1. Being of a type in the set (A, V, I, L, M), within 26 Å of the chain's Cα centre (by Cα) and part of a loop (DSSP other than H, G, I, E, B) narrows it down to one of Ala431, Ala403, so name that one.
2. Of these, Val26, Val43, which one is of a type in the set (Val, Ile, Thr) and in contact (Cβ under 8 Å) with a residue 40 or more places away in the chain?
3. What number of residues within the stretch 42-54 are touching a Pro at 6+ places or on another chain (Cβ under 8 Å) and closer than 11 Å to Val32 by Cβ?
4. Here are Glu319, Glu273, Glu328: which of them is in contact with a strand residue (DSSP E or B) (Cβ under 6 Å, 6 or more places away or on another chain) and either among the charged types (D, E, K, R) or on the phi < 0 side of the Ramachandran plot (or both)?
5. Confirm whether Val246 is buried (at least 22 other Cβ atoms within 10 Å of the Cβ), among the aliphatic types (A, V, I, L, M) and either in contact (Cβ under 8 Å) with a residue 60 or more places away in the chain or on the phi > 0 side of the Ramachandran plot (or both).
6. Kindly evaluate Ala236 against the criterion of being small (Gly, Ala, Ser), in a helix (DSSP H, G or I) and surrounded by fewer than 23 Cβ atoms within 10 Å (Cβ to Cβ).
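The values are calculated or read from the model by the stated rules, or taken from the named source; none is laboratory data. Quantities reported herein were computed from a predicted structural model and do not represent experimental measurements. Here the Cβ positions follow ideal geometry from the backbone for every residue, glycine too, while neighbour counts run over all protein chains shown.
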Amino acid sequence: MIFNDLREFIDFLEKKKELIRIRAEVDPVLEVTEIADRMSKKVGPALLFEKVKKSKYPIVINLFGSYQRMAWALGLDNFGEISERFSGLLKTDLDMKLKQKIEALIDLYKLSKSKPKEVKKAPCQEIVNDKDFSLFDYPILKCWPDDGGRFITLPLVITKNPESGKQNMGMYRMQVYDERATGMHWHTHHDGAVNFRKTAKLGKRMEVAVALGSDPITIFSATAPLPYGIEELFFAGYLRGKPVEVVKAKTIDLLVPAQAEIILEGYVMPGEERIEGPFGDHTGYYSAAANYPVFHITCITQRKDPVYPATIVGKPPMEDCYMGKATERMFLPFIKMQLPEIVDINLPVEGVFHNCALISIKKSFPMHARKIINAIWGLGQMMFTKFIFIFDEEVNIQNTSEAAWKAFNNVDPSRDIMISEGPLDVLDHSAPRPLYGAKMGIDATKKWPEEGYQREWPNEIRMSEEIKRLVDKRWKEYGL
């Protein structure tokens, strides 16, 4: 089922008993976080806080906080369908049958036809306020005790490339400074920051729109690591199987999701920065305060009775982990298209997605693992991966215990570890400087003589199939 807006998804989850309404009054300062964190840690349901202190609007949180809810959000029945769908789109097998090739071409055609549909009237503009408005009317969270303030945590930040006119939509946290200004926490590698630098070079301020509470696929698309220039709203339209409806913003030249709950319209000025943070981040640590651009809000449009969407991040597992695992499954076929020897990838939640990658490959030549390590560091946002472990194809890397056993037994530190330096995620606090530091590749595959291994590699311990069948047959006799 594809959901047209946030409300349809909320209603669906409630019918599935995957959402709980909380009618007791709660405080958006810390209390909501503690409740949501406890639910996240036990993979609990989504939460709708109907009565929020000092606000007339409800908060919905933890919408994507399980594998099942993440699958439903993407219009699928189960989580395993994610990679299957994209494998079909990107098949590169030379032995594909004609019917399979035609089906893949049809899917690619659908992607090209997923342009957003512009409408004249939209729910997100039922109320337009360009004079008397305040961010403090909304139940914006202060998540953790040492946070620098309240933060908008689930925004869809829309900017435009001044050269191509293409829009970008990313998700960057926004610290509330006052009634009409926030921080704009886009890292230097983010597409929003690239668009800002291009606009600043022209000596112009950049118009920005922020959508809060669109349909679940559009929300997810804002987090997708798409190549620069690929518009997230097109991608959302492909995933939905129908275009995303958009409407022209009231005071700026941007198109915004028509079904959103709230739209913030405004601008960012070149050269204007302000301290943003600290913020309790998805690494489980506070990210340090630093200077970031300031977003000035000139108009707020909204539905008559908006629902305010939020998320919290912190020590995994939390809601963002399931969004990250969906991205892993979705983009695995894209990686395999470029590196077909890759069998599987696991970005364990403990590695917060940019600190560790477990990869299994069909090893076919000496030092093949090192080729994959270097190639992964050259793939988009995979360049941030701090630790890469390469395993043989028979290793089930989704079983982290099995992967750890293989790595701890198969690796000779002097031979199988390579250290490189390059870009790191700005949130990596272990590096001696921001944005840059050391990364490690570990070859945990079986070593070949051509790789300098001069002994006979031992066989793994396995019981004979004959004895296993015998024990299966007699199991009840043992009284176990």
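1. Details: Ala403 fails: part of a loop (DSSP other than H, G, I, E, B).
It is Ala431.
2. The match here is Val43.
3. Here the count works out to 3.
4. Answer to the check: Glu273.
5. Yes.
6. Answer is no for this residue.
Yes/no per residue for (1) among the aliphatic types (A, V, I, L, M); (2) modelled with pLDDT of 95 or more; (3) farther than 30 Å from Pro116 by Cα; (4) out of contact with any Gly (no Cβ under 9 Å at 6 or more places or on another chain):
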site	(1), (2), (3), (4)
Gly266	no, yes, no, yes
Ile275	yes, yes, yes, no
Pro278	no, yes, yes, no
Thr298	no, yes, no, no
Tyr308	no, yes, no, no
Met330	yes, no, no, yes
Met337	yes, no, no, yes
Glu341	no, yes, yes, yes
Asn355	no, no, yes, yes
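A quick yes/no check of all residues on (1) free of Cβ contacts under 8 Å to residues at least 24 places away in the same chain; (2) in a strand (DSSP E or B):
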site: Thr218; (1), (2): no, no
site: Ile230; (1), (2): yes, no
site: Val256; (1), (2): no, yes
site: Leu264; (1), (2): no, yes
